[in-house]
Amino acid sequence: MLIYAFRDARGVWYGDPDAAIHGLRPRRGVLTLPPTAPGQDQGPFDGQQVEVLYAACDAEASQTSYQLDDGHSIVATCHVHELLSPAYQRVLTAPAAARNAATVRLEVSDSDRRYSLHADRLADGRVEITVVACTPDGVIRGELTGELDTADLAEVGRLIASVPTASATKAAPPVTARAPAKATRHGQRWTPETIAYLKEHHRAGKSPAQLAEELGRSEKSIRWKLHALKLAPYPSDLVPEPRTPAEPEVPKAYSVESKRQLHPNAYKPWDPEDEHRLAERCAQGASLSELSQEFGRNEGAIASRLLKIQAEGPAADDAWDYGG
């Protein structure tokens with residue numbers, strides 16, 4: 001039994017709340033963390049009371065156990081222990097003048113790296129961030145992009161700062177999963193009636209394959225929907241697994257300029273009008289390849305945006321193959 005996730009007083013989950021567990025339901029408990037000891041730096045959750053989830057799972061176990069308020073002592077996963085440990089508390093912050101701006105652009109560099117950050121404030125207190133690491137001559141070595149609630153920036157900064165540094169290794173290419181047979185309603189929007197039918201007949205014992213045939217959808221779509229409804233575990237077997245290449249290959253260098261020769265809008269922020277048009281084209285049945293050419297972005301960027309805006313259509317279903 002391992003503590004694999006916990007929730008703070010604001011209702012925010014940490015750790016791995018979607019981890020695959022052995023059993024029907026995880027167990028819940030309450031953990032009151034001690035306050036910061038005199039002379040020590042304050043940890044992010046010191047003195048707080050959190051709700052924990054624990055179960056038998058395959059996550060890596062730490063060597064530290066936590067005593068719950070009911071007296072049970074449960075070992076935490078390495079991920080959870082890193083979050084609860086007072087040693088992980090560094091926060092990444094921007095200068096004070098930049099924090100009040102609608103758009104923030106920051107850049108730092110050293111002898112062999114240049115790092116740039118572009119952040120745009122969005123509606124409802126959210127911010128879209130793009131970070132690019134490249135060599136002094138513009139060859140990209142890494143990139144990170146996404147959208148967050150501004151209230152979560154400090155916690156995400158702590159998580160990033162807690163990642164141990166290691167020697168760089170080449171990422172293995174993903175295994176391309178064989179595409180399932182197209183369903184007669186592939187990409188069609190879920191209605192309240194179809195969701196009710198899915199819940200009722202899943203609880204009656206019908207398999208995803210049977211439900212896929214009855215609802216005219218792919219089995220993959222059924223399994224993802226059951227997971228979204230919290231009726232089935234995370235379908236990790238549908239996400240392509242990495243594989244080790246037979247022979248080491250030299251990483252290919254690329255730059256922002258070279259990527260924009262293929263995809264003119266690479267690394268550019270999405271406009272609300274573009275997102276609206278993307279959702280419309282997806283609903284009309286356009287494929288990922290067609291959307292990539294139309295919007296001037298690579299298929300991975302298109303897939304990420306389709307999942308973010310919860311688009312409906314064949315391309316949105318195929319977007320899960322990119323690790324969604």
Quick one: how many residues across region 23-77 are in contact (Cβ under 8 Å) with a residue 40 or more places away in the chain and of a type in the set (Gly, Ala, Ser)?
7
Just to be sure I understand the filter: pairs with C-beta atoms under 8 Å, separated by 6 or more residues or on different chains, first member in region 4-15 and within 16 Å of Leu68 (Cα to Cα) and touching a residue at least 60 places away in the same chain (Cβ under 8 Å), second member surrounded by 18 or more Cβ atoms within 10 Å (Cβ to Cβ) and among the hydroxyl-bearing types (Ser, Thr, Tyr). Which pairs pass?
Tyr4/Tyr54; Tyr4/Thr77; Ala5/Tyr14; Phe6/Tyr14
If we scan region 32-39, do we find a residue that is exposed (fewer than 13 other Cβ atoms within 10 Å of the Cβ), under 15 Å from Val80 (Cβ atoms), at pLDDT below 75 and not aromatic (Phe, Trp, Tyr)?
no
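The values are calculated or read from the model by the stated rules, or taken from the named source; none is laboratory data. All values derive from a computational prediction rather than experimental measurement. Heads up, the Cβs are rebuilt from the backbone with ideal geometry, glycines too, and the neighbour counts pull from every protein chain shown.
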